[in-house]
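A quick write-up on the structure given underneath.
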Amino acid sequence: MKHVDLPRIIASATARFRFLQDFTGFGDEDRKAMTESLLVLGARLSRILDELYDHLLSYDDTRQTFLGPAGELDPAYMAQRKEHLTEWVLMAAASPSLDEFASYTVKVASQHLGLQEGARHRAVPPRYIVATTSRLQTALTQALFEELPRDPTLAMRASLAWNKFLVIHLELFLSVIAPSWPEWDEASSPAADELRDMARAAR
């Protein structure tokens, strides 16, 4: 039976990421399949992101995230979000260090809390993070099978790899942006109690 080291995965994004890799079965072959998939997804990525953001703009509650101070669409912010998501896809598939990527993911998640001055309306509720992850997962899978009709094996390998990776990414995001998640899960665990005791003792 494998042991889950709760203190480590609570305290360290890297440890959390590596645990989730093990739990989902994400391995070197998955990583290789994601890297190979960039040759296919590269040509489709811009269209995938355009369709994703068009979808977000079609709902009033998600549209407000992209509005400027006068209630108009903020094209600079839209371009920035697309650029950041493109960067995320490329890093996800080809980052030389998954440890660095884990820290990067937690940092990006915190930016979705809308804590910056004047950015409260840019906070993204967990329901949209979950739903958007699902849409991205669907879009990537569809693109892979459409672009690789003669190589269904690679399409399947890459699709499964992205599926695992997006779920890992989603869990890391939720651990940051969903306050009730750690409250009902980790905050009440013996491991969290142990960490709090250690922190008090260190004062």
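We did not get these values from a lab; they are worked out from the coordinates using the rules stated. From a predicted model like this one, the values you see are computed outputs, not experimental measurements. Note: ideal-geometry Cβ built from the backbone for every residue, glycine included; neighbour counts use all protein chains shown.
Some points to look at:
- Taking the charge dipole of the chain about its Cα centre, with +1 at Lys and Arg Cβ atoms and -1 at Asp and Glu Cβ atoms, the residue from THR132, LEU98, VAL40 reaching farthest to the positive side is LEU98.
- Shown is the FRET efficiency for ASP54 and TYR128, computed with R0 = 22 Å from the Cβ-Cβ distance and rounded to the nearest 0.05: 0.90.
- Relative contact order (%) - segment 7-189, alpha-carbon pairs under 8 angstrom, separation at least six: 34
- Take every pair of alpha-carbon atoms less than 8 Å apart whose residues are at least six positions apart; their mean separation over the length of segment 13-94 yields a relative contact order of 33 percent.
- Check: the chain dipole with +1 on Lys, Arg Cβ and -1 on Asp, Glu Cβ, in debye: 140
- Restricting the GluC sites (Glu not before Pro) of segment 48-114 to loop positions (DSSP other than H, G, I, E, B) with no more than 11 neighbouring Cβ atoms within 10 Å leaves GLU72.
- Entry for percent of Cα pairs over 28 Å apart (calculated from the structure that is shown) out of [x] 28; [y] 34; [z] 43: [y]
- Restricting the trypsin sites (Lys or Arg not before Pro) of segment 1-47 to loop positions (DSSP other than H, G, I, E, B) with no more than 13 neighbouring Cβ atoms within 10 Å leaves LYS2.
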